[in-house]
Structure formats: structure tokens, C-alpha cells
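Remarks on the structure that follows.
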4 protein chains.
Amino acid sequence: MTEIAPLLSHINTQCQLLFGQGNVANYIPELAKIKPQQFAMAVLTVDGETYTTGDAKTRFSIQSISKVLTLSLALQRYGESLWQRVGKEPSGTAFNSLIQLEMENGVPRNPFINAGALAVCDALQSRVSAPLHHYLETVRQLSGNSKINFNKAVSRSEFKHRFRNAAMANLMKSFDNFDNDVDAVLSNYCKYCAIEMNVVELAKTFSFLANKGVSQTTKETFISRKQNSQLNSLLFTSGLYDAAGDFAYRIGMPGKSGVGGAILAVVPERYTVVVWSPELNQYGNSVAGLHALELFAKEMEIQLF
Amino acid sequence: MTEIAPLLSHINTQCQLLFGQGNVANYIPELAKIKPQQFAMAVLTVDGETYTTGDAKTRFSIQSISKVLTLSLALQRYGESLWQRVGKEPSGTAFNSLIQLEMENGVPRNPFINAGALAVCDALQSRVSAPLHHYLETVRQLSGNSKINFNKAVSRSEFKHRFRNAAMANLMKSFDNFDNDVDAVLSNYCKYCAIEMNVVELAKTFSFLANKGVSQTTKETFISRKQNSQLNSLLFTSGLYDAAGDFAYRIGMPGKSGVGGAILAVVPERYTVVVWSPELNQYGNSVAGLHALELFAKEMEIQLF
Amino acid sequence: MTEIAPLLSHINTQCQLLFGQGNVANYIPELAKIKPQQFAMAVLTVDGETYTTGDAKTRFSIQSISKVLTLSLALQRYGESLWQRVGKEPSGTAFNSLIQLEMENGVPRNPFINAGALAVCDALQSRVSAPLHHYLETVRQLSGNSKINFNKAVSRSEFKHRFRNAAMANLMKSFDNFDNDVDAVLSNYCKYCAIEMNVVELAKTFSFLANKGVSQTTKETFISRKQNSQLNSLLFTSGLYDAAGDFAYRIGMPGKSGVGGAILAVVPERYTVVVWSPELNQYGNSVAGLHALELFAKEMEIQLF
Amino acid sequence: MTEIAPLLSHINTQCQLLFGQGNVANYIPELAKIKPQQFAMAVLTVDGETYTTGDAKTRFSIQSISKVLTLSLALQRYGESLWQRVGKEPSGTAFNSLIQLEMENGVPRNPFINAGALAVCDALQSRVSAPLHHYLETVRQLSGNSKINFNKAVSRSEFKHRFRNAAMANLMKSFDNFDNDVDAVLSNYCKYCAIEMNVVELAKTFSFLANKGVSQTTKETFISRKQNSQLNSLLFTSGLYDAAGDFAYRIGMPGKSGVGGAILAVVPERYTVVVWSPELNQYGNSVAGLHALELFAKEMEIQLF
């Protein structure tokens, strides 16, 4: 088997060649300020080894990767009944489209498109008294860093430009699929997205995905074995918006991307992989991040199927 | 580990309780004639053991499961360039919708919706001189039964009611994504769908999927290791029409269903599973078949993720 | 020529036979309270004669008919530049759909679907300091009744159930096609819709449409001759949601309906016709109202083309 | 009132200034061969006077204007029952879209989009034994020129590139809304579109529209007074594809355009107007033709509303 440390170093070199091929997220001013040509990668083995390359101490906005945690927290509280609020199917449309949402009577296709994540946040808000506090405490425990926080300028900027998401939430409300005040939920949603971590902290936070539901940081079961397997299946079919099929084809792992430039990928019972590079392709996925994962899968001969 | 033989027997008993909950395919008269309350299941291990239960010698129309073979044959000839003709993304819409096809300029979302399968058949027809003959020969070799054939009454009935598929093919032709005569391709397409096998023959035919691309019947590489892994990824994200996400969530295996009532499922490097029962749910998937696979996955503790 | 008075009497009798064939609007509780089996009709000639039948003194919610006045007021202030904010084309979709709005980048198809009316209200709000006051004053002058007001219970109920409209306004805001605070505009929009008039007052209010832009009440030019002609053209192509074509075919006049059960119709240079009956068909148009106008057009031999 | 002859001369001069602003139809090679910078206009009064300007003897492809005649012939035979096959509503989408057709179960929105015209041709074909012969005879009688014919090269080229239309016809067939052989209907449809006339002949052919249904050439009732009024209403709401609303707003007459560059417009009980200039705008309507009609409406002070 390939050694991980030199492989990551090689991947870093290769990925720097792609700098300039994408664009940083610019839909909110604060995110557009990021320095584009950055790269970091972390591999956490289920045995507890950590390997990194690049700017592994630089923190970044986790953005949509936060949706995986929101979903996990909601599944803890709702179990199967959560699926009355949101579907499990790939959407086949852009992450922020309202078309399908209207045609399917306000039930979002899956929890990883924006509408679905908002419905899940709303569900969580209905059952947790101080959801932001609880969310941050969970992230701090899972990541092993009690100082993790959200970036106020980013969350404020996201909230200021919340209209598309507000449209979705209101549309769901018109279909009786949104219980709380729209702005109250959006305010928390923007903060979850604005949480900042580095690649190692992010890998630790989601280490339960590769580890049968048990966090490698806390050693405790975060979600059940079965829920964990199901969550990975959902990430496989729907984790990368309307590029999920291509990701499954080329890289073949459960994964989740964020417009902050991070991608989380899972090799069940082996690795939690996080890669980060801010330049995005047309689908909102990190250009260098995708290439890094493709190289990693190829060299490590990871073929889940 | 659970013993397979008694498990299949148990599954058979359980599944018979579901008889009457679905409806046989009725979009063409010939298929509507089938006796509804039938059930069969076969498990082929990569070690070559075969286990069956139910009407395992009864042959049935493989219908859309034929799309997996068409795709494999086209990948053999085109490799990556095939993806210029058809996408790799879940469709998020019904298997026979033209809406997405028009909005995406005649490039079907994936090779398992009808439009995609037709594009693949057209591609195959362009590079194989006698495609029907070649297709049948391949099926006969892979299944190990030289008598496998298509049902003439079924293929004729499908061709007679080909208008929806003809609409798709013509729409692709208007976008220069269909090369051959529409009726010539449709004629073969209807015959591929009308091929009849029993559960064991069908499992053998697709044994390469669980076996790194190597047919367990011929012992030869049918498609490359990498292509096989990619094909399984595509089946995982798009094999069950717009119920793919639910199948991934509940059963968690690459799979492909057909309106003849069969479902093919793959446990990589372990089993090729085929289940058949003609009554379908609203998504066109076998009611008893889905339940059988769910029981199998649960009792065998199959969790790929 | 047919005498108007006996014709109206005949129409009243005929229309009462249709009672029970539709349903009153029920999307907000306050509107659902209305007594269903009511009917009134008024014909105002350009010579100043008024003919009525039925409950001609009963006031009702004008609902979407208010959109004609909002548009007129906005055209007074913006002229042709208003059409940068909203289109002039029939929508081909339901009055409250967001699908087209998303696909056409936040520019509503026309000013009579909800999204278009909201954009026009927003435009008006940007150029009128006290829009509600101005709107009410205008209605009072045009109707000749200084006591016209909106129904507080209805406007409050509409505002409470504003989520679908809020979704549209937020979606337009995300495309930079909505300037003011969403709730501030919606609050006024709900009040305009909740204005109550009887059939005579409503006919007087819109008498300018049949009279080359000159109000028959104030004797003043309300909008220019050309704008008036254009406004009637828009009402002809888009005034009855996705039943506009059928209305044009069967009745052949510019018209506008509201879910309060009223329909306004224009016979240029001859009559302003208002009919009201609360039971609606599946398209949200008054069942008896449509029949009344069809009888009126037939007996008066009105064929604009 | 403005004198017509000098007005047409003025319009001709003005319209030549627009040469170069559009593009000739290029979706079939034969149509793309036309010389772009041509202009002709004819006004036929209901008193029988004819005024022309420009290349009034040059014949051109009438293209979609043929749909008005197909519809008239079908209405003669089916009356109201024709509307079971095709709707009366504006489509809100492009003339050759299949999306709405699929969503509305194979019933085209109106008879002027391609799908609707094909359904009407199919209906006509079911009730007329030699439809092409009958169509040509009708055109020859109405135009007063027994030599009118279709251009074989154009109809052949259209048939060769028929795939989009074939997709629509097949989709309707899959919904049981198309009775005859697809290619048999398409073959005639392409010939109707390829009929060649000059502006005077075209005005004469459709003189019944301005004349209460009575042809000015044959002096006979072609369709009933009521059908004629209804037909004009349909032309007003749906005659110019998805620019119908703008045409109604700016020009305010019932009208029909064709990609050959002609536009037919009707001033009821006054004029039949035909203008032709091959350069088209993005909606497939003649650039100079639209301008000519706008000038004509303005100078003649035509305001139907």
C-alpha cells in the first residue's frame, strides 16, 4: 500500500498546478475576500493517525459541510420521522433552486440542497431550546477544540444576502413545512455555515462517518451504526449538489462540499479525508479539492465497489 | 454470519405476505398479462455458490436491467468518450420525462433513464455491425445458457407502443445526439428489454459487477476493474429511477430494477443478488423485491458504508 | 339592440341556476367566511347610464382587481421604464407560481400574476411617500365614494398567510428586482386587495378603461389614451391568469378577475361591466361571473374582432 | 385620416433603416438562402382597395402563417370539439418546446405553437381525404391565384430536419392525442409551411379575418361570424409565440408571424395587413415587419381598445 505522508506531499504539488482554474465564491462579499491560492489536506485514519499537507492550520468557512452536522443532530432527535419533512432523493437541480420545491409541494428533495438544510434547521430549532449554543458545543466536542466559533462578519454578510434562502423558507412555510420564524432560523443557519475550522479539526468533527457512528475524538457513539451507514449513502447520492454523480463516478466515496472550498470525503472504516482550496468550479466544488481526492482514491486504490 | 439458504427461505415467506400490494406493469398489453403473485430470488457468491428460493426457474422480461449490459458494451467500445453523449448525474425526474432532456440540450442525465439508454443503444449501434446478434451472444455467454432469447410478442408490443421513446430519440436527433435511424435503434432496444431469463441466469449474467469486472461464468474480464467500480457507482446513484436515494438509504447497494419485476443488486466482492416479483410500486420497482433486498441487507449485516 | 335592463334581469335569473357549482376562495380564513350564493352585476355606459341587477349594494373584496389600479398608478409615474421590472407576456402558469420567476431571473411575466403585482407595488412604494393613503384617496375619487376602505380583518388574515407572496418577493430581491422591505410592501399589498366596493363603485373606479383613459367620475384623464389602450391589451392577453385565452375566446373583452368573486370587463368606448358572485372555478374565476359575461356579450352582440 | 398610399411609402423608407438588425431563419438550409434585405407591405381594405409598397410581387414562404388556415379548415369540420385536442391559452414558452406538452399530458397549449399546429393538422388529416390537395385548392381560391404552390426544395428541407416536430408528434401519440402516421402528417405540414405567396396574395387569402368571416375574394363565408371573432381573439393572445403580449401592447391587433419573415395583422372590419421582411429578431418575428405595423397602427390611429 502507498504511504500516506509522501502521497499527500505529491498531491499538494500536483494541486498547486491547478491554481487559477477556478473562482472563489462571490455571492457574498465576505467570502469573496478570501486569498484564492491556498491548499490543505488532512487524512485521519480510524486508528487515530493524522496526516496533513499544506496550510493545515488555516481555518476556513465550513459552509455547506455544516449541513451534515445539522442533519446528524436532527436525526438524533427525530429518527425516521425526519423524512416526513425532507426527501432522500438526488435533486437533479442546482442547490438553490425553488422549482422542484414548488412542484413537490414544499418538501425538499434531500437535506443537502439549501431548502432541505433549512427544513432540517427548522426541525432542529423546534426541539432544541438553544440551538446555536448546542451546535457550537457539539462542534467543539467533536473537533476537540473548545475555541471553535463562527465568523461574525461572514454570518452577518450571509444573513444580509439571505433573500434566496428566505424565499425557500417562505415557500416551505406556505406548504406548512416550516414551523419557526423564517429569520430566526436563517440567522442560526448563517452562523452554522460561518463556523471556521482547519482541515484537521474538520476531519475530527466528522470522524464518526468513517467509524461506524463513533466519534474518534469523544469515543462516544454520535449516531447509530445504521444511521451512519444511511447518512453515508445519502452523501454518496446527494452530497455534491448536481455534480454528485460525477463525484461518485470519479472518486467513489461519500462526500460533502462547501463553497468555502472544503470537501469532506469518507472511506468507511479507514479514513476521514478533508481537503480545502478556495477556488471553485462551475458547480461550486473546489477545483483542487476534487483533483486531490481523485489522486488520493487512485493511489490508495480505494474502490468501495 | 447468517446462513444464506434458510435466510432466503425466510425472505420468501415474508415477501409472499406483500402479494397484492402493487400492480404489474400495464403500459404495454403483453407485460400486463403476467401472473402477479410470483417470487424468486437468487444469490450468487463470488466463490461460485448459488442459492435460490421461489420460482427460480421461471423466466421473465429483464426490461430495464438490459440497460446495464448495453452500457457495459458501449463502455467497452467508447471508454470515457461515451460521456459526451450521456451524463452521469441522477435525474431527479421520472424515467421517461422529456423535460430535462430539452432543458439540457438533448444530453440525457444518465444511462439508466430511457433517453440515456436510447443514446447508449444508438452509440452501440454505430460501432457494432450486428448489434442484436452481438447482444444476444453476449447474454448467452455471460448467463451460461446458449438458448437465452427475447420474447417476440413482448418486443413487438413494446415497439408498437414506442411513441414516448420515439419522442425522446427524435428530440435527441434534433440536438444532433442521435446518429442512427430512430426506428432501427428502437427495434433493437425493445428486443434487449424483452430478453427473458430466470433469477439465476440473470445473476450469472451480471456476476462481473460483484467480481471486479470478471465474469464468473466465462472467467474473463468483461470490463476493467476501474470501469466496473464506476459502473457500480452509477448504479448506486441512478439505478432505481427517482427512488435511487431511497434504495441507497434503505438497502445501500448498487442496484438496477426493471418493470418486469426484477431487481439486480451488488455486494462488491461478495454477492450478486437477483430478486423477482412482478407487482410494482408507484416508482416502477418490485414491492416484494425491495422488501427482500432490505431483509437480505439487514440479516447479512451488509453495510458498505 | 337589446335593452340592457331586462337583459341583466335575465342574466341574474340564469346565473342563479349555477349556484353550487363552484367554491368560495378558502386560502385565507376570512375570505372563506363569505356567503356563497350571491350575485350582482353593473353595467356603466360611457354616456353615464348605470344598470344593475342583484345585490348591487353589497360590498366585497376586490382582491386581484386592485392590481389594475396599482399598475395604472405605477404607469403614471414610470411610463415605459416600468417594463424593466415586469414583462408584458401571458404567463402560461398559475398566478402564484415561482417556477417561471426563477427561470426568468426574477422578472415576473406580467403585472397581473402575483409576482408581477408585487413588483409593481414595490415600484409604486419607491416613488409615493404614503402609498396606502394615496391608493385609498385614488379609489375614493374614482369610485365617487369617500368612504371606501379596506377590510381590516381580511387584510390582516392575508398578511398572516403571506408566505407564498413573501417567497416571491424574496426571490425577486435575490435578483435585485425588489427594492423595499418585503413585509412593508406586502402589508400594503394585502390592504389594496382587501378594499371593499360594490359592483357600481367598482365599475365607476375603472370607468376610464372604456373611456379612453378619462374617468367618468372625475371627468379627468387618469392615464393617457395610448396607455389606456395598452392596458386593455394587457388585460386581454393576461387578465384572467391561465384562463385568459379561454376568456378571450368565449367573451372577447379585456377583463380582470379577483378571488373575491368579481370580474371586471371592458367594452371599449361603450361599457364598463362588473359582475360579482363568490363561487369560483378551478382557475379562481367566478363561475356565475363568467356565465354572466358570456350571456351579456352574446345578447349585446359584442364582437371586438 | 392619414392617406394609406403615402404612409406605406414612408413606412418602407423607415423600415429599410432597420436592415441588418436581424437574422434570416437558419434552422433549415433552404430558408437560410434567402436574400435578407427585402421589404414589402400590403393593405387590403374591406372595401376592396389594395395598397402596396416594396417588393410586393416577390413570393416568400408563408411558414407558420399557414397555421391560421389549418386551424380554420379544422374548425370548419370539428367546431368546438376541436378544443378537446388543443387548448386556447397562451403558452408562455418557446414555439417548439416539449416541456409544457409533457406536463399537460400531450394537449398543446394553443393551435399556433408547433405542437398545437401539428395536432390540428392531424385532426384535419383524419377528416379530409386528400388534405394537401384540399389545402392548396383552398389557398388558390382564397388568394385568387390558381398557380399558388409550395416550394419543393423548402418542404423537402423542412421534412429532412423534422426531428423536433417528430418528437412532439410522437409525444402526443404517446398520450393518444395524435391519430395518423407521424411522418404522413409531417410531410403535409412541411408543405403547408412551404407555400409561397406575395404580400397581396397573402392578404387576400386571409381577408375573411377582417371581414366577419367572409372572404373578400370569393365573397363566400369561410368561417362563421362567431368563429372568426374567436379566431381573432386567439391570434391576439397567442399569435406571436412568446412575444404575443408585447405585440398586443405595442401594436394591439390580432396577428400571426412566420419565420419566412411575414406578419399578418387584422384591423377588424377595416384592414387586412401583410408585411414581409426576412430578418428576424430573437423571438422569430420580422424586425422590419414589427416596426412597419407599429408605424401603421400609430399613424392610422388604430386603437381597438
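Table: residues versus (1) out of contact with any Cys (no Cβ under 7 Å at 6 or more places or on another chain); (2) in contact (Cβ under 8 Å) with a residue 12 or more places away in the chain; (3) farther than 29 Å from residue C:219 by Cα; (4) not basic (Lys, Arg).
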{"residue": "C:47", "(1), (2), (3), (4)": "yes, no, no, yes"}
{"residue": "C:58", "(1), (2), (3), (4)": "yes, yes, no, yes"}
{"residue": "C:65", "(1), (2), (3), (4)": "yes, yes, no, yes"}
{"residue": "C:68", "(1), (2), (3), (4)": "yes, yes, no, yes"}
{"residue": "C:99", "(1), (2), (3), (4)": "yes, no, yes, yes"}
{"residue": "C:105", "(1), (2), (3), (4)": "yes, yes, yes, yes"}
> Which members of the range A:76-95 meet the condition of being crowded, with 17+ Cβ neighbours inside 10 Å and outside any helix (DSSP H, G or I)?
Replying inline: A:85, A:86, A:87, A:88, A:89, A:90, A:91, A:92, A:93, A:95
> Do we have residue B:71 as within 13 Å of chain A (Cβ to nearest Cβ), buried (at least 24 other Cβ atoms within 10 Å of the Cβ), touching a Pro at 6+ places or on another chain (Cβ under 6 Å) and at pLDDT 95 or above here?
Replying inline: yes
> Does the range B:107-121 contain any residue that is more than 14 Å from chain A (Cβ to nearest Cβ) and of a type in the set (D, E, K, R)?
Replying inline: no
> Considering only residues of the range D:286-300 that are more than 14 Å from residue D:15 (Cα to Cα) and touching a residue at least 12 places away in the same chain (Cβ under 8 Å), which is surrounded by the most Cβ atoms within 10 Å (Cβ to Cβ)?
Replying inline: D:297
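Would you kindly identify the helices (runs of 4 or more DSSP H) lying entirely within the range A:152-247 that contain at least 1 residues that are of a type in the set (Gly, Ala, Ser), under 30 Å from residue C:96 (Cβ atoms) and within 14 Å of chain B (Cβ to nearest Cβ)?
By residue number, A:225-238.
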>> With the requirement that a residue be within 19 Å of the chain's Cα centre (by Cα) and of a type in the set (S, T, N, Q), what does the range A:218-239 give you?
In response: A:227, A:228, A:229, A:230, A:232, A:233, A:237, A:238
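Collect the residues in the range B:122-138 that are part of a helix (DSSP H, G or I), away from every other protein chain (no Cβ under 14 Å), of a type outside the set (Val, Ile, Thr) and out of contact with any Ser or Thr (no Cβ under 8 Å at 6 or more places or on another chain), keeping them in residue-number order.
Hits for the range B:122-138 are B:123, B:125, B:126, B:127, B:131, B:132, B:133, B:134, B:136, B:137.
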> In the range D:173-228, what residues are within 19 Å of residue D:31 (Cα to Cα) and free of Cβ contacts under 8 Å to residues at least 40 places away in the same chain?
Replying inline: D:187, D:190
> What about residue B:98, is it crowded, with 19+ Cβ neighbours inside 10 Å and not charged (D, E, K, R)?
Replying inline: yes
> How about the range A:74-97: which of its residues are within 14 Å of chain B (Cβ to nearest Cβ), touching a residue at least 40 places away in the same chain (Cβ under 8 Å) and hydroxyl-bearing (Ser, Thr, Tyr)?
Replying inline: A:91, A:93
> So which of D:106, D:144 is more than 16 Å from the chain's Cα centre (by Cα) and either farther than 25 Å from residue D:208 by Cβ or of a type in the set (Phe, Trp, Tyr) (or both)?
Replying inline: D:106
> If only one of D:100, D:141 is out of contact with any helix residue (DSSP H, G or I) (no Cβ under 7 Å at 6 or more places or on another chain), at pLDDT below 95 and part of a helix (DSSP H, G or I), which one is it?
Replying inline: D:100
>> If the requirement is being among the polar types (S, T, N, Q), farther than 17 Å from residue C:119 by Cα and buried (at least 23 other Cβ atoms within 10 Å of the Cβ), which of these qualifies: C:13, C:53?
In response: C:53
> Got a sec? Which strands (runs of 3 or more DSSP E) wholly within the range B:252-305 have at least 3 residues that are of a type in the set (Asp, Glu)?
Replying inline: none
> Does the range A:201-215 contain any residue that is under 27 Å from residue B:88 (Cα atoms), more than 15 Å from the chain's Cα centre (by Cα) and modelled with pLDDT of 95 or more?
Replying inline: no
> What do you reckon, is residue A:156 in contact with a Ser or Thr (Cβ under 9 Å, 6 or more places away or on another chain), surrounded by fewer than 22 Cβ atoms within 10 Å (Cβ to Cβ) and either of a type in the set (Phe, Trp, Tyr) or over 30 Å from residue A:211 (Cα atoms) (or both)?
Replying inline: no
> Given the structure, is residue D:38 assigned to a loop (DSSP other than H, G, I, E, B), farther than 18 Å from residue D:112 by Cα and touching a helix residue (DSSP H, G or I) at 6+ places or on another chain (Cβ under 6 Å)?
Replying inline: no
> Can you name every residue in the range C:22-50 that is within 26 Å of residue C:194 (Cβ to Cβ), surrounded by fewer than 18 Cβ atoms within 10 Å (Cβ to Cβ) and either modelled with pLDDT of 95 or more or in contact with a Pro (Cβ under 6 Å, 6 or more places away or on another chain) (or both)?
Replying inline: C:23, C:34, C:35, C:36, C:37, C:50
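Take the conditions hydrophobic (A, V, I, L, M, F, W, C), in contact with a Pro (Cβ under 9 Å, 6 or more places away or on another chain) and buried (at least 24 other Cβ atoms within 10 Å of the Cβ) and apply them to residue D:210. Does it pass?
yes
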>> Criterion first (under 17 Å from residue D:40 (Cα atoms), modelled with pLDDT of 95 or more and in contact with a Leu (Cβ under 8 Å, 6 or more places away or on another chain)) does residue D:267 satisfy it?
In response: no
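The values are calculated or read from the model by the stated rules, or taken from the named source; none is laboratory data. Here the structure is a predicted model, which is why all the values come from computation and not from measurement. Don't worry about glycine lacking a Cβ; one is built from the backbone with ideal geometry, like all the others, and counts go over all protein chains shown.
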